[in-house]
Each structure stands twice: as structure tokens, then as C-alpha cells.
1. Show me the helices (runs of 4 or more DSSP H) entirely contained within the range 1-78 in which 3 or more residues are within 24 Å of the chain's Cα centre (by Cα), at pLDDT 90 or above and under 26 Å from residue 224 (Cβ atoms).
2. Which members of the range 142-153 meet the condition of being in contact with a helix residue (DSSP H, G or I) (Cβ under 9 Å, 6 or more places away or on another chain) and part of a helix (DSSP H, G or I)?
3. When you check residue 25 against the structure, is it in contact with a helix residue (DSSP H, G or I) (Cβ under 9 Å, 6 or more places away or on another chain), farther than 21 Å from residue 91 by Cβ and within 13 Å of the ligand (Cβ to nearest atom), yes or no?
4. Considering only residues of the range 8-21 that are more than 16 Å from residue 54 (Cβ to Cβ) and surrounded by 17 or more Cβ atoms within 10 Å (Cβ to Cβ), which is nearest to the ligand (Cβ to nearest atom)?
5. Search the range 66-91 for residues being touching a residue at least 60 places away in the same chain (Cβ under 8 Å) and surrounded by fewer than 19 Cβ atoms within 10 Å (Cβ to Cβ), and hand back the single one that is farthest from the ligand (Cβ to nearest atom).
6. So residue 259 clears everything in (1) within 24 Å of the chain's Cα centre (by Cα); (2) modelled with pLDDT of 95 or more except one condition, right? Which one?
Ligand SMILES: [Zn+2]
């Protein structure tokens, strides 16, 4: 026999109503401000959707925001006190197990973590791509970001043709604004790799002027963390086929590209974003290695730097924070 589950009950409260009760605004299923990152109005990428099992969920699609969950998760971002009281005051979830017995609360199993995109899908999408300069729109973006160095990007970045067939997860926008990455201008593709150098996912960068404020996105509804951008030397390192003396940790696609094309072949250059760097990567850094943390000199970049340092704590590794690129490019 199962008892009344407050959690199951609370998860049935419609998210639109819940968000409004929490003082957030909802327009066309977009929550503003995002309770996780605070982006509001047209900048907010925090959307309500229905999970495959029918439960209402929300997720912030901004590339640097991890906000997601069900109604309880949403409420916890806003309400610091007793959630049950707060729900009860609004007439929600008041049913209790009868018979004077203490309430039986069955915790539902946690929702399954989404996995990485299927490898077949990934290879099918990448198989339609050319090298970065192959598509004019992508080439223009590369020249804009890198100047003459764009000529050296080769296959570090892939260009997706306008008419490419994109799987369900390679889409952007919601409802009537939904488009494939190819149609939406997200046509510079960057494969990302796990700590063993295995292809696991991809990041798509917007290369044409468009209304979308989001510049770079991971596959929709799939896991993307624990993966990095990696130049050939970094891939060799992660695959245990090389022992780099220098590893550069960069942030964002343009920076990673710039470091990759400007440094000599022996420097391993990885590019990280939110959720990328894990202890698994740090554990692969060889002893005696010089690690340059070249993430942005802003709050997010300093956060990444602190994380990388923490994962290398106590190791025989020489960690430097930012340097002129020439200092690390080597011979
Ligand atoms: Zn957010």
C-alpha cells in the first residue's frame, strides 16, 4: 500500500500557476526572470515544457545556466522557508493520509539524468559538414573572430550546410519559433570530447546576425557536461597517446580556436564552459605539466579558474593564471 505523497501531489501543480504564485511572470511558456540566472524579459531562456512522461518541467536554455527541474525545484529557488506551508496557504497539496496515522511519504525516484546524444545521430550530423571555411557564412564568422588565423582552422570547427538534415535535438527556439540549427544560423559546429577523448556531444555556434541572443548551444534535452573542446594535442593527451608539457584551458569557442591555431602542435588546448571541467580531466593532467588557465578575466572565468585549481590541488603541476599568449605558445 502506498501512502499519500506530498511530492507527487506538488509536482502536479501546473507550472504556469506556480511560477506566477512565486512572483515570476510567464509569457508563452517563458518564465521571467529565470530563477537560476536572473535573465529576464527577452533575455530569459527559461521555458516550461512537458517531459516525455507528461510531467511539467522547466529548463533554462541559456548556455551558461544550469537551471532546470520540476515545480518543487522552481519553488525552492524562490521560497526559502517551509515549502509545504507555502503550498498549503495557496490551497495546494492539502490532502493527507487518513486514519490518524502519521503521514506516509513516498519519495518518487529522481528523474533520470538525460544522456548524451546518440552517437549515430552525432556522426550523421557531422558527416554532412565541411571544414570551417567551407560554408561562406561560417567562413565570414571565422574571419571576423580570428582575422588571418581563420585560414588555419581547418577541421577544428565544422560548417553545417544551410540545408542539412538535423535531428530533433539539433533545434533552437520553441513553438512557432522553432528551427533546426541549420535554419537558425547555428552553423559552426564544435565537437566536444569526454576525459578519455571520446566524441560525446557537440556545440553549435550562431554565425549570422539574428534575434537569438544565445550564441552557442548544446543539444536540446541531452547531457552536455563533462566534455571539452580539444585540439589534436589535447585529444592525444586524453586518449593517453601523448604527454603534453603544456595544457591551456580556455573558455568559449573563439578563444579555444585562437589558442589552438596560434600555438604549436605540442600544446594541448582545451575549451570549457559551464559543467565541462571535472575531476576526471584533472586526474589525467600529467605530473610536471604546466597548466595555463586562460579563461576570461570576469566572474565566470574566475570561477572556472578556481575550479581547475581546486581539482589540481596538491598535485605536482605548475598552474598559471592568464598570460600573454606568446608566453605559452612555445617553439
Ligand atoms: Zn537561467
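The values are calculated or read from the model by the stated rules, or taken from the named source; none is laboratory data. Worth saying up front: this structure is predicted, and the values here are computed from it rather than measured. Neighbour counts are summed over all protein chains in view; Cβ atoms, including those assigned to glycine, are modelled from backbone coordinates with ideal geometry.
1. Of the helices (runs of 4 or more DSSP H) lying wholly inside the range 1-78, those with at least 3 residues that are within 24 Å of the chain's Cα centre (by Cα), at pLDDT 90 or above and under 26 Å from residue 224 (Cβ atoms) span 71-78.
2. Those that are in contact with a helix residue (DSSP H, G or I) (Cβ under 9 Å, 6 or more places away or on another chain) and part of a helix (DSSP H, G or I): 142, 143, 144, 145, 146, 149, 150, 151, 152.
3. So residue 25 does not fit the description; no.
4. So the residue we want is 19.
5. The extreme case among them is 84.
6. (2)
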